[in-house]
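Novice: Quick one: structure below, then a few questions.
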């Protein structure tokens with residue numbers, strides 16, 4: 001057979017963001033895949049030299065357009081740990097509510113894009129219709145749809161009124177009913193199963209050794225979720241990670257679909273236990289020392305390494321985003337797959353390239 | 001910083017990494033910090049059951065470091081990133097982009113360094129195990 | 001099979017989920033973070049907003065009593081309105097309308113700024 005090299009991306013109908021894959025094919029089967037980056041590299045980590053550590057919250061929020069709130073939360077938790085600040089309990093619960101809302105809208109976005117990757121356009125529109133409700137909650141409570149900017153060092157900027165929490169609960173109820181209606185389609189439909197079952201299989205051992213994170217790892221049967229670290233208010237909220245064992249694209253889809261329901265449950269618990277009191281404490285002084293901070297983003301665990309030297313500018317801010325850890329999975333999953341499965345497999349890790357390159 | 005920190009040298013980096021892998025640790029990432037005009041610091045982060053372990057390696061700017069990607073395959077991406085942004089070269093990389101992961105081919109400087117150093121060639125080799 | 005049929009039928013009978021935008025506009029939420037407005041007669045030109053702004057799009061010249069901001073660099077985080085000492089900066093609910101070219105918004109106050117007790121901010 002002749003060897004063919006096909007460039008996949010950086011602009012491709014299924015890719016929301018630019019990543020380039022050089023695919024070497026033997027007939028229809030991929031033998032080698034080499035990713036190339038550098039289309040959206042912005043060097044945001046370098047900005048610590050000209051922005052002070054309070055302003056950096058708004059910079060790290062803009063690393064990713066989907067999991068922005070969780071980036072800011074991770075950064076703030078890191079700085080709080082470094083400066084020994086105890087956040088008020090109400091702020092910790094509010095952080096959980098907004099972070100889980102973020103997870104929901106990110107997963108709904110992904111479920112839509114995933115349906116789109118195998119050509120199921122109407123399902124894509126249904127998921128995005130539901131997602132709009134979550135974005136409306138975000139805008140009504142924080143003032144913005146995605147870049148919510150609620151985190152500050154020492155707490156949160158916005159509070160939820162009783163009326164708003166009731167509004168969130170009733171909206172979540174309708175979201176839940178509509179999602180239940182789509183459950184049979186995304187999980188049992190012949191077309192969906194045909195395109196996803198058995199594609200891009202990763203065993204638990206492979207996934208763990210590649211250092212994968214998030215739903216990609218949990219779909220292979222490894223119970224690893226940074227929320228088990230009990231940051232924010234997760235020590236007061238009952239939580240068990242969603243785990244599937246098949247390790248294929250279908251399992252990843254199932255994990256994310258079930259996590260949307262889990263997030264609804266977590267938000268209900270957090271609203272039910274929401275304590276009264278302050279939402280932020282005053283911050284005095286400047287950070288010094290070094291710290292690592294981790295939270296679970298929709299795509300997996302994000303890792304921050306922060307080093308400060310007692311001035312208002314940090315010395316180094318290092319962000320390891322979940323997609324950065326998940327890209328090596330592509331190099332393992334793609335060889336052996338057919339060309340027509342590439343979009344499905346690439347999307348199954350939920351690639352966020354702006355995150356990856358920062 | 002959460003977790004155990006261990007100072008290592010260039011000669012026992014690969015040995016320690018292999019030992020950590022046998023112990024069942026997962027590779028998290030490598031952080032590169034610029035210390036001064038000459039020294040750089042590489043921090044290797046590993047995780048097992050939410051317990052972090054860090055290896056701290058101090059390295060001269062113009063020396064090659066051994067790549068840990070033969071041990072942890074996932075490290076190739078972050079090592080290529082450090083090559084691009086900080087100009088530290090790694091040898092033994094499983095996939096080497098030769099400083100073109102983020103940068104254009106003709107870029108010779110390291111954009112994340114405060115002290116501008118143009119890459120000299122050939123870079124010196126420090127002894128490896 | 002036919003798992004989507006009920007959804008499709010429901011969508012046929014219901015109103016569209018989208019709006020015909022220019023004809024029907026949803027009013028902004030009360031909390032929505034829109035355009036930054038400065039009441040220049042109240043502004044004391046203390047410069048706190050310029051220091052705190054994460055995108056550094058505000059410049060304040062105390063001597064000339066100039067307050068200017070670059071709306072295309074603004075990220076609408078609302079920090080400036082939050083830290084404003086005189087309460088002159090407000091964040092409106094509505095967004096700026098699209099423009100054809102980038103322009104600075106320059107506001108000029110009275111040349112002798114009103115006396116205020118805030119110390120100059122250095123960071």
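Taken together, the values in this text are just the output of simple stated rules run on the coordinates, not laboratory data. Values in this document were obtained by computation on a predicted structure and should not be read as measured data. FYI the Cβ positions are ideal-geometry reconstructions off the backbone, even for glycines, and counts take in every protein chain you see.
Novice: Dividing the convex hull volume of the Cα atoms of the protein assembly as shown by its residue count, what figure in Å³ per residue is obtained?
Specialist: In the protein assembly as shown, the Cα hull volume divided by residue count equals 180 Å³.
Novice: Given the rule -39500 (n - 2.57) for each run of at least 4 DSSP H residues, summed and divided by the residues of chain A, what is its mean residue ellipticity at 222 nm, to the nearest 500 deg cm²/dmol?
Specialist: Here the helix-only value at 222 nm equals -15000 deg cm²/dmol.
Novice: Also, quick follow-up: Put one equal scatterer on each alpha carbon of the range A:237-289, apply the Debye formula with no solvent term, and list log10 I(q)/I(0) at q = 0.19, 0.28 1/Å to two decimals.
Specialist: Debye curve over Cα of the range A:237-289, log10 I(q)/I(0) at q = 0.19, 0.28 Å⁻¹: -0.75, -1.08.
Novice: Measure off 7 Å from each Cα along the Cα-to-Cβ vector at residue A:240 and residue A:34, then give the distance between these two points in nanometres to one decimal.
Specialist: Placing both labels 7 Å along Cα→Cβ, they lie 4.6 nm apart.
Novice: Hey, got the average number of other protein chain Cβ atoms within 10 angstrom for residues in A:312-318?
Specialist: 3
Novice: Using only Cα atoms, tell me the angle between helix A:322-333 and the longest principal axis of chain A; keep it within 0 to 90° and round to the nearest 10.
Specialist: Tilt of helix A:322-333: around 10 degrees.
Novice: If you don't mind, another one. Give me the log10 of I(q) over I(0) for the range B:4-125 at q = 0.11, 0.16, 0.22 Å⁻¹, as the Debye formula computes it from C-alpha points; what are the numbers?
Specialist: Cα-only, vacuum Debye calculation for the range B:4-125: -0.35, -0.74, -1.34.
Novice: Order of A:138, A:248, C:61 from fewest to most other C-beta atoms within 10 Å?
Specialist: C:61, A:248, A:138
Novice: Expressed as an acute angle from 0 to 90° and rounded to the nearest 10, what is the orientation of the C-alpha long axis of helix B:13-22 relative to the principal long axis of chain B?
Specialist: 40 degrees
Novice: If you don't mind, there's one more thing I want to ask. Quick one: compute the contact order of the range B:4-125, relative version, from alpha carbon pairs under 8 angstrom and 6+ residues apart, as a percent. Let's see the in-between values first.
Specialist: Working: 209 pairs, mean separation 27.2, N = 122.
Rounded, it is 22 percent for the range B:4-125.
Novice: Here's a follow-up. Enter the mean projected area of the convex hull around the alpha-carbon atoms of the range A:1-124, in nm², rounded to one decimal.
Specialist: That works out to 10.9 nm².
Novice: Also, quick follow-up: If we sort A:165-178, A:215-228, A:67-80 on the protection proxy, mean other Cβ atoms within 10 Å, highest first, what's the order?
Specialist: Top to bottom by mean Cβ count within 10 Å: A:67-80, A:215-228, A:165-178.
Novice: Ok, one more. Just the projected area, averaged over all directions, of the convex hull on the alpha carbon atoms of the range A:254-358: how many nm²?
Specialist: For the range A:254-358, averaging the hull's shadow over all directions gives 10.0 nm².
Novice: What is the mean number of Cβ atoms from other protein chains located within 10 Å of the Cβ atom of each residue in peptide A:115-128, rounded to a whole number? Walk me through the intermediate numbers first.
Specialist: Numbers: counts 0, 0, 0, 0, 0, 1, 0, 4, 3, 0, 3, 5, 0, 1.
Taking the mean over all residues of the peptide, I get 1.
Novice: Out of every Cα-Cα pair in the range B:21-79, what percent are more than 14 Å apart?
Specialist: 57 percent
Novice: Can I ask one more? Just to be sure I understand: of the beta bridges DSSP finds with both ends in chain B, what percent are antiparallel, rounded to 5?
Specialist: 65 percent
Novice: Using only Cα atoms, find the angle between the long axis of helix A:121-142 and the longest principal axis of chain A, and express it within 0 to 90 degrees, rounded to the nearest 10.
Specialist: Taking the Cα atoms of chain A, the angle to A:121-142 is about 10 degrees.
Novice: Where both partners of a DSSP beta bridge lie in the protein assembly as shown, what percent of those bridges are antiparallel, to the nearest 5? Write out the running numbers ahead of the final one.
Specialist: Details: 62 of 71 bridges.
Percentage antiparallel, nearest 5: 85.
Novice: Obtain the nm distance between the two label points defined at residue C:37 and residue A:162 by a simple spin-label model: each point lies 7 Å from its Cα along the Cα-to-C-beta direction.
Specialist: That separation, rounded to one decimal, is 3.2 nm.
Novice: Something else about it: For the range A:3-357, rounded, prolate or oblate, judged on the Cα gyration tensor with a ≥ b ≥ c (square roots of eigenvalues), a/c < 1.5 rounded, else prolate if a/b > b/c?
Specialist: oblate
Novice: Determine the relative contact order of the range C:1-82: mean sequence separation of Cα pairs under 8 Å and six or more apart, normalised by residue count, in whole percent.
Specialist: Working: 55 pairs, mean separation 19.9, N = 82.
This gives 24 percent for the range C:1-82.
Novice: Which of A:146, A:30, A:66 moves the most in a Gaussian network model of chain A with Cα springs under 10 Å?
Specialist: A:30
Novice: Could I ask something else about it? In whole percent, what relative contact order does chain A give with Cα contacts below 8 Å and a gap of six or more residues?
Specialist: 26 percent
Novice: Quote the FRET efficiency, to the nearest 0.05, computed for residue B:6 versus residue B:38 with a Förster distance R0 of 22 Å and r equal to the Cβ-Cβ distance.
Specialist: Computed FRET efficiency for residue B:6 and residue B:38 comes out at 0.45.
Novice: Can you compute the radius of gyration and Dmax for chain C, using only the Cα atoms, both in Å?
Specialist: Over chain C's Cα set, Rg and Dmax evaluate to 21.6, 77 Å.
Novice: Mind giving me the nanometre distance, one decimal, between the label points for residue A:191 and residue B:106, set 7 Å out from Cα along Cα→Cβ?
Specialist: Going from the residue A:191 label point to the residue B:106 one covers 4.9 nm.
Novice: Which of B:58, B:67, B:31 moves the most in a Gaussian network model of chain B with Cα springs under 10 Å?
Specialist: Maximum fluctuation in the GNM of chain B, among the listed residues, is at B:31.
Novice: Please identify which residues in the range C:1-28 have an amide N closer than 17 Å to a label point set 7 Å out from the Cα of residue A:180, following the Cα→Cβ vector.
Specialist: C:6-7
Novice: In the Gaussian network model of chain B, springs joining C-alpha atoms below 10 Å, which of B:35, B:82, B:68 carries the largest mean-square fluctuation?
Specialist: Top of the fluctuation ranking is B:35.
Novice: Now a separate question. In peptide A:139-149, what is the residue-averaged number of other protein chain Cβ atoms found within 10 Å of each Cβ?
Specialist: 5
Novice: What Kirkwood hydrodynamic radius do you get for the range A:138-258 when you take the inverse of the mean 1/r over all pairs of distinct Cα atoms, in Å?
Specialist: The answer is 17.2 Å.
Novice: According to the square roots a ≥ b ≥ c of the eigenvalues of the Cα gyration tensor, what is the shape class of the range A:37-191, taking rounded for a/c under 1.5, prolate for a/b larger than b/c otherwise, and oblate for the remainder?
Specialist: Judged from the Cα gyration tensor, the range A:37-191 comes out oblate (a/c at least 1.5, b/c at or above a/b).
Novice: Please give the FRET efficiency for residue C:21 paired with residue C:73, using the beta carbon to beta carbon distance and R0 = 25 Å, rounded to the nearest 0.05.
Specialist: According to the calculation, E is roughly 0.40.
Novice: I would also like to ask the following. How big is the range A:27-78 by the Kirkwood estimate over distinct Cα pairs, in Å?
Specialist: Value: 13.3 Å, from the Cα pair sum.
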